[in-house]
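Each reported figure results from applying straightforward, stated rules to the coordinates on display, with no laboratory input. Treat the numbers as computed from the prediction; the structure is a model and nothing was measured. So basically every Cβ, Gly included, is an ideal-geometry build from the backbone, and we count neighbours across all protein chains shown.
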Amino acid sequence: MSTINYVPVLLLLPLLFGLCNASFVTIHILNILSDDVLLFCTSQPGINAHLHPQNPFYWSFPAETSENCFTDWHELRAPFSAYDSHYDQGHPNIYWMVKQDGLYHSWDNKSFVKKVGWN
Ligand SMILES: *[C@@H]1O[C@H](CO)[C@@H](O)[C@H](O)[C@H]1NC(C)=O
């Protein structure tokens, strides 16, 4: 019985947990309008969804790349960077709120800042 065999495993475990924690973020979008908006995201595997009012939508995304999306509301469009690998770096959750005057961004699901209007 030797302890040698355990050494690689002991070294590997924190590394694997570290990678798992670091490699994905969750993007949350809440539509608080009174009707649906459409969401399209261009990064693989791609998102194409109807966001129903008050029905939170979320997905996980690799932290090292950026996720670019746009929302369509009737004839209006709002392009936005749902996850920016530099700007949002270190935040495991990104929150977006879809409102009458545009899209709002938050890291804590509490304080939201307007990032883009409809055009
Ligand atoms: C974010 O806040 C909204 C509104 O308070 C709530 O409905 C939602 O569950 C929250 N999302 C998460 C992931 O905590």
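Our coupling estimate for the stretch 100-112, obtained by passing each phi through the Karplus curve with A = 6.51, B = -1.76, C = 1.60 and θ = phi - 60°, is 3, 9, x, 10, 10, 10, 8, 9, 10, 6, 10, 9, 10 Hz, Gly and Pro reported as x. Computed over neighbours whose Cβ is under 14 Å from that of Gly90, the net charge equals -4, Lys and Arg +1, Asp and Glu -1. Alpha carbon centre of the stretch 31-63 versus the stretch 64-83: separation in Å? The two parts, judged by their Cα centres, are 9 Å apart.
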